[in-house]
Amino acid sequence: MHIHTLLISLLILSFGVQAKSVSEKYPAVNVDLNAVKVSKHVYFVQGKAGIATDNAGFISNAGFVVTNEGVVIFDALGTPSLAAKLYKEIRKVTKQPIRYVVMSHYHADHLYGLQVFKELGAKIIAPQGARVYLESNVSDNLLATRRIELAPWVNESTRLVPADQYIDTEYKFSLGGIHFKITPLGNAHSEGDLTLLVEPDNVLFSGDLIFEGRIPFVGQANIFNWLQALEAMRNVNVSAVLPGHGPLAKDPNALINLTYNYLSLLKNTMQAAVKNWTPFAEAYAKIDWGDYMFLPAFDAANRKNAYNVFLFLESESP
Ligand SMILES: [Zn+2]
């Protein structure tokens, strides 16, 4: 056999073994997870609108960018099994190695799949605030809970993977001639958020700054920074925005309004409550939730969201 042919056969063989071992390593998950081509290099998978334990944990979005020197993934989904399924989708499109995972932020529903890509040799890039999350008890406690709620897909082998590089100022890199721009936003939706622009395609991954089709998750958000980041996004001229939850859109303005209006309502009502020393329960009961109460995740998230904003504003008030 010619040495070249031999090398190629070995490569194909090792690639086949790797692809097989990834899907065999994690419990199978029966959800529809299909990559949709968005632009020349960008693909998108969309989770179902719901709370963290719905749809086997497939409730957040992810995407990937194919270059001729490797693949850049954006967000890692909510279980290793889902990430393995995402990897399968990538392998339908390209044999290029997984080179980077850019994390929008460290929240469980985007994070628990990360070990799959780390084990494949990817370099993990995350916003600086991800460190705060990893060092807090919240991340360990939530993992313990999710091992029960999302069994068997989140289990004893599921682990929190730290990033290889943390970003706190604008950061550009390129791979296979494709330019990427990462914009960190500090503490906005979470302790640390970032967006990723795929420059030649003019496609923006917004992460959880934008929720569509469900009530946003507020948690440890800084509501002022979050609203400000959304305002800035209104003016960006992109060919598509891929949100952290819900369908993609061509025009960011078409996507921003639900999150923006909802957060504004929380901010305004809770600000008034804090200012007037109104107890939370009393203030909450008076709010008209009419535009939101029939959206997915309302019952599970709304009161908690309002309370988190109330506590945040209380801690900020002089
Ligand atoms: Zn989130």
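Every number in this text was worked out from the coordinates using simple rules, so none of it is lab data. Because the structure is a prediction, the values reported are computed rather than measured. Cβ: placed from backbone, ideal geometry, glycine included. Neighbour counts: every protein chain shown.
Counting DSSP beta bridges in the chain, what percent are antiparallel, to the nearest 5?
On the way: 26 of 41 bridges.
Expressed as a percentage, antiparallel bridges in the chain total about 65.
Most mobile of N268, N222, N257 per a Gaussian network model of the chain (Cα springs, under 10 Å)?
Comparing N268, N222, N257 in the GNM, the peak value goes to N268.
Leaving out same-chain residues fewer than 8 places away, which aspartates and glutamates sit with a Cα under 20 Å from that of K286?
Cα-Cα hits under 20 Å: D299, E314.
Can you give the relative contact order of the chain as a percent, counting alpha carbon pairs under 8 Å and 6+ residues apart?
14
Averaging over all projection directions, find the projected area of the Cα convex hull of the chain and quote it in nm² with one decimal place.
For the Cα atoms of the chain, the hull's average projected area reads 17.2 nm².
Treating only the Cβ atoms of Lys and Arg (+1) and Asp and Glu (-1) as charged, compute the dipole magnitude of the chain about its Cα centre; round to the nearest 20 debye.
I would put it at about 840 debye.
Would you kindly state how much longer the chain becomes between A254 and E314 on full extension, computed as 0.36 nm times their sequence separation minus their alpha carbon distance, in nm to one decimal?
Details: separation 60, 0.36 × 60 = 21.60 nm, distance 3.19 nm.
Result for the pair: 18.4 nm of gain on full extension.
Mind checking the full-extension length gain between S264 and K88? Use 0.36 nm per residue of separation minus the Cα-Cα distance, one decimal, nm.
59.4 nm
In the chain, with Lys and Arg counted as +1 and Asp and Glu as -1 at Cβ, which of these residues, S23, P200, N305, has the Cα nearest the positive end of the dipole, that is, farthest along it?
Going by the charge dipole, the pick is S23.
Could you tell me the center-to-center distance, by alpha carbons, between segment 188-208 and segment 56-88 in angstrom?
Centre-to-centre (Cα) distance: 15 Å.
Mind checking the full-extension length gain between F224 and S136? Use 0.36 nm per residue of separation minus the Cα-Cα distance, one decimal, nm. Each step should come with its number before you reach the end.
Working: separation 88, 0.36 × 88 = 31.68 nm, distance 2.26 nm.
Additional length available on full extension: 29.4 nm.
Counting other beta carbons within 10 Å of each residue's own, what order do T269, T259 fall into, fewest first? Could you put the intermediate results ahead of the total?
On the way: T269 19, T259 25.
Neighbour counts put them in this order, fewest first: T269, T259.
Based on other C-beta atoms within 10 Å, arrange V31, V309, V101 from fewest to most.
V31, V309, V101
May I ask you to list the GluC sites (Glu not before Pro) in segment 60-127 that are in a DSSP loop and have at most 15 other Cβ atoms within 10 Å of their Cβ?
On the way: sites: E69, E89, E119; in loops: E69.
Those satisfying the criteria are E69.
For the residue pair S39 and W289, what label-to-label distance in nm results when each label sits 7 Å from Cα along the Cα-to-beta-carbon direction?
Placing both labels 7 Å along Cα→Cβ, they lie 3.7 nm apart.
Taking a 26 Å limit on the Cα-Cα distance, which of the listed pairs K25/K304; K25/K181; K172/K250; K25/K123; K85/K172; K181/K250 fall beyond it?
Where the Cα-Cα span goes over 26 Å, the pairs concerned are K25/K304; K25/K181; K85/K172.
Classify segment 14-131 as rounded, prolate or oblate from the Cα gyration tensor: take a ≥ b ≥ c as the square roots of its eigenvalues, call it rounded if a/c is under 1.5, otherwise prolate when a/b beats b/c and oblate if not.
Here segment 14-131 falls in the rounded category.
Quick one: Cα centre-to-centre distance for segment 108-158 and segment 263-318, in angstrom?
29
Over the Cα atoms of segment 225-313, Rg to Rh with Kirkwood Rh, two decimal places?
Rg divided by Rh gives 1.02.
For the ranges 134-147, 180-193, 36-49, what's the packing order if you count other beta-carbon atoms within 10 Å of each residue, average per peptide, and put the highest first?
Answer by packing, highest mean first, reads 180-193, 36-49, 134-147.
Take the Cα of W277, step 7 Å along the line toward its Cβ, and report every residue of segment 295-318 whose backbone nitrogen sits under 17 Å from that point.
Only 314-315, 317-318 pass the distance filter.
With point charges of +1 on the Cβ of Lys and Arg and -1 on the Cβ of Asp and Glu, referenced to the Cα centre of segment 192-316, which listed residue (L295, A229, A240) lies farthest in the positive direction of the dipole?
L295
Once every DSSP H run of n ≥ 4 in the chain is given -39500 (n - 2.57) and the sum is divided by its residues, what mean residue ellipticity at 222 nm do you get, rounded to the nearest 500 deg cm²/dmol?
Value at 222 nm, helices only: -12500 deg cm²/dmol.
Nearest 0.05, what FRET efficiency do R234 and D164 give at R0 = 35 Å with Cβ-Cβ as r?
Computed FRET efficiency for R234 and D164 comes out at 0.60.
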